[in-house]
Every structure is written in C-alpha cells, then in structure tokens.
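These notes are about the structure you will find just below.
The values are calculated or read from the model by the stated rules, or taken from the named source; none is laboratory data. Remember, predicted model here, so these are calculated numbers, not experimental data. Positions of Cβ are backbone-derived with ideal geometry, glycine not excepted, and every protein chain shown enters the neighbour counts. Each accessible area value is taken on the protein alone, full model and side chains, heavy atoms only, with ligands, DNA and RNA left out. Shrake-Rupley method; radii C 1.70, N 1.55, O 1.52, S 1.80 Å.
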Amino acid sequence: MSTVLIVLPTLTLGGAERHSVLLATALDPTRWRASVLAFADGPLRAELEAAGVPVRVRPLPGGARGVRAAAAEIRATVGDVQPDLVSGHGVLVEAGLRLALRGRPVPNITWKHTYGHIGHRGLREKLFERVTGGAVSRYGAVCHTQVRYLTDELGLPPQKVSVVPNAVPVPARAAPLPAGPPTVLMVAAMRADKDHALVLRSWPAVLDRHPDARLRLAGDGPCRGDLERLAADLGIEASVEFLGVRDDGGALLDEAHLLVLASYAVECFPYAALEAMAAGRGVVSTSVGGLPELVDDGVTGRLIPPHDGQALTRALLEGLADATGGAPRWGAAGRQRARQVFALDAWSERVADLFDSVAFEGRARTSASPFERTPA
C-alpha cells in the first residue's frame, strides 16, 4: 500500500475541494492511503475525518509570506508522512509545493480545474508554469476538452498531462421529481462569468408559461447585490430565491425539476452538472468548456450558446415540460449516463493507476528514497 499526501488551500465547499475529498476517500485503501494538509478549515473536514482520513489544518499569513509558510508546512508534513506521492491544486498550493519540493525528488501531481481565466490571470498562470513547471511530475486534467487549453494556452508539455474525467457517486435510487411548482436550480459562485444575469433576464418568459415557477440560486459572490437588484428591476423577485452558500446540494436537487448553468467562460467539468445527472435531473447549460462531454444534447439536457437569452428561455421551457409532463426523459437518461460513463468506482481505479504510474516513474528516477537522499 502506498501513501498520497493531498494538499489543498481550503476545506470549504467548491468543485476543486470536492475533487480532493474524493481523492482522499474514494481510492481503494488496499492500494493508496491518503493524508490531507489544508490551509483553511471548513465543512469538508468532517467528511474526511468521518472516513478516517488524517487531516492537518495549518492557517497561513497573507501575501507573499503565505507561500513561504505553505512551503514550510508542506516540507514538515512530507517529513512526517513520508508519502510516495504528493497531490495538490490551486495557485497557493502549487507555489508552496514546488518551493517545498525543490531539490527533493518526491513524485507529485498538480490537478488543473480550469479551462481558462478572466483578465490577467491566464497570463500569470502561463508565466508561473514556464518558470516553475519543471518541478511537476504530472498534471491531472479533469476532462478531455481541457487538454487543448493546458497545452496550447498554458504551454504545458503534452506528455505530462493525464486525463481522468470527474465522477460522482450515483445513489441507488433517485428521489422522485417534486410535486410542487416547477423549480429550476442554479448552483454557481455569483461572479460575472457565471452569467446569472442571463438566467434572470430569461425568467420572465418562463413565468409567462409557468406563473408559479421558482428559480433557486445557490451560491454567493461579488455579484450578489447586483443580481438581487436586477431581479427586483425585472419584477421577478417573488419567484427567485437567493439561497447563499449551501452544503445540502443533494436536498436542493431533490426539490428541483431542472438544473441550469449559464457560464460564458472558464467552466471546465462542473460537479453541479454531474450531481444533477446522478440525481436524475435534467441539465440546461451553455456549451462551454467540458460541458459538451458531460451533457448529451437533447438526451440528458440541452446545450445552448453562451449569451443567448432566447435559446436559454426555449431550453428552460423544454426542460420543465420534460420534467413535469408525466414521462420525464432527460433525468432518467442523465442518471444512466452518470452511472455508465462517470461511475465513481471506475474513476477511483483510473486515479489509482495514475498515482501508481507517477510514483513508479519517480522511483525509477532515483534508486534511493527521497528521504534518504535529502534530509526532511
């Protein structure tokens, strides 16, 4: 049995954090045992500890001191845990990890969860990878579409990129569709690129057909105030719920007929869509990033062009007609697709095989243990 140290910036709720928790809890324990180091606490800690995963939380100072402190914590934890592999994601973790492992031939994998950046961040990441990427043993991609961005835009070496598409557990039974008013759920951070505004502007046309329909927005962020004012200006505030950050996504899906995502950039392979499919709910989404790999257009949901309010309205009405018409197709097909294509057990095997490969290549590069070659 081998040991992987999983380093993540925070244990708060988020897609990349959910991925790390699944790495720690879903791998075959006869092959890989996980230990977790995080730099901020959050609700995911309880899930890890309930699964018997050792967790260390080490808060960091802000600014440049945070990177040096992260590196020191990673070095200390590597010395204690003596992992066969280190896995991490996020700019702070990646910088700290590469600084910590400088001169230490510890195999490592950096997971990328983005399909682009808004503004200057893409250039920053490209320069960061150009300067420090030589320390990375392997990059993990979470969908096939992402590879072109990683290699063409960020300049990562193609031979260092391995793809393991995201997966989620599929419940033995899906909750029946609710008997109440038609309900659409959106789970996304309230940033401009998620385009909640497009959904709100499309909602009056949905209300024309379904006057009792509800739109539930789970998430928070810098655009929330503007979105609340937009809902009021459109006169739809009575039918729109701003739920804030929630940790009961499964319950929210059970109460919904349909999931909607409207991102116009940087969306990769969102767990929100995967979890909706696993729960037997149809998905309406913009056709960006890895979503065309995930949503089978017209079968498990509907893909639309970004920024296209009319197409979004048509898709929402189509999805609600499917979910409330007595013979729903999208949700059943999505659940079957999640079980067949994105099954968690198959994902865990692929991740374990990837970890084996990276660790083996690391051992092949040095005949001695990294802890024998370099003092902890």
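Quick notes
- Residue tally, condition assigned to a helix (DSSP H, G or I), open to solvent by 10 Å² or more (accessible area, probe 1.4 Å) and either touching a Leu at 6+ places or on another chain (Cβ under 9 Å) or of a type outside the set (Asp, Glu) (or both), over segment 291-307: 1
- Of all residue pairs spaced 6 or more apart or on separate chains, none has beta-carbon atoms under 6 Å together with a first member in segment 323-350 that is at positive phi and a second member that is polar (S, T, N, Q) and assigned to a strand (DSSP E or B).
- Of all the residues in segment 164-178, those that are open to solvent by less than 30 Å² (accessible area, probe 1.4 Å) and over 19 Å from Glu255 (Cβ atoms) number 4.
Okay, residues lined up against (1) in contact with a helix residue (DSSP H, G or I) (Cβ under 8 Å, 6 or more places away or on another chain); (2) over 18 Å from His19 (Cα atoms); (3) assigned to a loop (DSSP other than H, G, I, E, B):
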position	(1), (2), (3)
Phe242	yes, yes, no
Asp247	no, no, yes
Leu253	yes, yes, no
Phe269	yes, no, yes
Ala272	yes, no, no
Glu275	yes, no, no
Val283	yes, yes, no
Val288	no, yes, yes
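- One residue stands out in segment 192-223 among those that are farther than 23 Å from His257 by Cβ and crowded, with 17+ Cβ neighbours inside 10 Å: the one that is modelled with the lowest pLDDT, namely Asp193.
- Of the set (1) free of Cβ contacts under 8 Å to residues at least 40 places away in the same chain; (2) open to solvent by 30 Å² or more (accessible area, probe 1.4 Å); (3) not in a helix (DSSP H, G or I), all apply to Tyr264 but (1).
- A Cβ distance below 7 Å, combined with a sequence gap of six or more or placement on separate chains, defines the contacts here; from segment 233-249, residues that are in contact (Cβ under 8 Å) with a residue 24 or more places away in the chain reach residues that are small (Gly, Ala, Ser) and open to solvent by less than 50 Å² (accessible area, probe 1.4 Å) in the pairs Ser239/Ala213; Val240/Ala231; Leu243/Ala218; Val245/Gly219; Arg246/Ala218.
- Meets criteria (modelled with pLDDT of 95 or more, among the hydrophobic types (A, V, I, L, M, F, W, C), open to solvent by less than 50 Å² (accessible area, probe 1.4 Å) and under 26 Å from Ala321 (Cβ atoms)) for Leu234: no
- Residue that is open to solvent by 20 Å² or more (accessible area, probe 1.4 Å), at pLDDT 95 or above and of a type in the set (Gly, Ala, Ser), where the choices are Ala34, Ala50: Ala50
- A single entry from Arg65, Arg56 fulfils the requirement of being of a type in the set (Lys, Arg), more than 23 Å from Phe360 (Cα to Cα) and in a helix (DSSP H, G or I): Arg65.
- Any hit, segment 121-144, residues being open to solvent by 20 Å² or more (accessible area, probe 1.4 Å), part of a loop (DSSP other than H, G, I, E, B), out of contact with any Cys (no Cβ under 9 Å at 6 or more places or on another chain) and among the charged types (D, E, K, R): no
- Flag if Thr110 is under 20 Å from Ala16 (Cβ atoms), outside any strand (DSSP E or B) and open to solvent by less than 50 Å² (accessible area, probe 1.4 Å): no
- Residue within segment 276-290 that is touching a residue at least 24 places away in the same chain (Cβ under 8 Å), touching a Lys or Arg at 6+ places or on another chain (Cβ under 7 Å), under 26 Å from Pro178 (Cα atoms) and open to solvent by 10 Å² or more (accessible area, probe 1.4 Å) present: yes
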